[in-house]
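Below is one structure, written out as structure tokens; comments come after it.
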Amino acid sequence: MADTDNRRAAANAWSALLRVHAQLVPQLDADLRKSVGLPLAWYDVLLELDGVPPLRMTDLGARVVLSRTRVSRLVTELETAGLVTREANPDDGRSAFVTITDTGRTRLREAAPRYLAGIEQRFAGKLDPTELRALTRTLGKILGPTDIS
């Protein structure tokens with residue numbers, strides 16, 4: 001009985017996590033597009049590139065949890081918009097480095113208040129500080145100690 005209850009609880013928790021993600025991501029994307037004309041996927045890439053040395057495309061893909069093909073397309077879009085630059089890796093002709101541009105950094109800074117307000121309104125504002133800390137600790141157990149800050 002306990003094993004069945006644990007499985008049911010695990011399935012319910014997983015389902016809730018997926019539903020929250022599926023609900024909030026499109027809402028945050030719509031908020032950013034409407035307020036600053038920046039898709040959420042672009043914001044995520046710019047956020048990962050801000051304040052770090054140039055990243056290899058594969059490292060960027062791992063950070064934003066997108067397929068290699070999708071990251072490549074996003075970087076091409078961002079490059080066309082002047083928000084990032086891509087340079088060949090001199091040590092490995094098969095890979096490239098991506099860097100945020102000053103324009104990209106400016107757009108990221110413009111979008112940040114709307115992004116943070118959306119998180120507050122649609123997510124954090126529905127939980128008290130104790131619940132937020134508990135959720136962070138709980139998810140940190142799954143992600144590992146170096147993946148949660």
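Derivation of every value follows stated rules applied to the coordinates shown; laboratory data play no part. In this text, all values refer to a predicted model and were calculated from it rather than measured experimentally. Cβ sites come from the backbone with ideal geometry, for glycine too, and all protein chains shown count toward neighbours.
How high is the relative contact order of the chain? Use alpha-carbon pairs under 8 Å, at least six apart in sequence, and give a whole percent.
That works out to 21 percent.
Considering the values [x] 53, 44, 25; [y] 59, 36, 23; [z] 73, 34, 22, which represents Cα extents along the principal axes in Å as calculated for the structure under consideration?
It is the one labelled [y].
Please give the helix 129-143 orientation as an angle from the longest Cα principal axis of the chain, in degrees from 0 to 90, rounded to the nearest 10.
The angle comes out at about 70 degrees.
Relative to the longest principal axis of the chain, what angle (0 to 90°, nearest 10) does the C-alpha long axis of helix 2-36 take?
The helix 2-36 is inclined about 40 degrees to the chain.
Label point 7 Å out from Lys126 along Cα-to-Cβ: which residues of the stretch 28-47 have amide N under 18 Å?
Answer for the stretch 28-47: 28-32.
Would you mind ranking Asp5, Asp91 so that the residue whose beta carbon has the fewest other beta carbons within 10 Å leads the list?
Asp91, Asp5
Just grab the label-to-label distance for Asp92 and Ile142, each label 7 Å out from Cα along the Cβ direction, in nm (one decimal).
For the pair Asp92/Ile142, the computed spacing is 2.9 nm.
Taking R0 as 35 Å, what's the FRET efficiency between Thr103 and Ala10 from their Cβ-Cβ distance, rounded to 0.05?
So the FRET efficiency works out to roughly 0.20.
Give the calculated FRET efficiency between Arg19 and Arg68 to the nearest 0.05, with a Förster radius of 35 Å applied to their Cβ-Cβ distance.
Given R0 = 35 Å and the Cβ-Cβ separation, E is 0.80.
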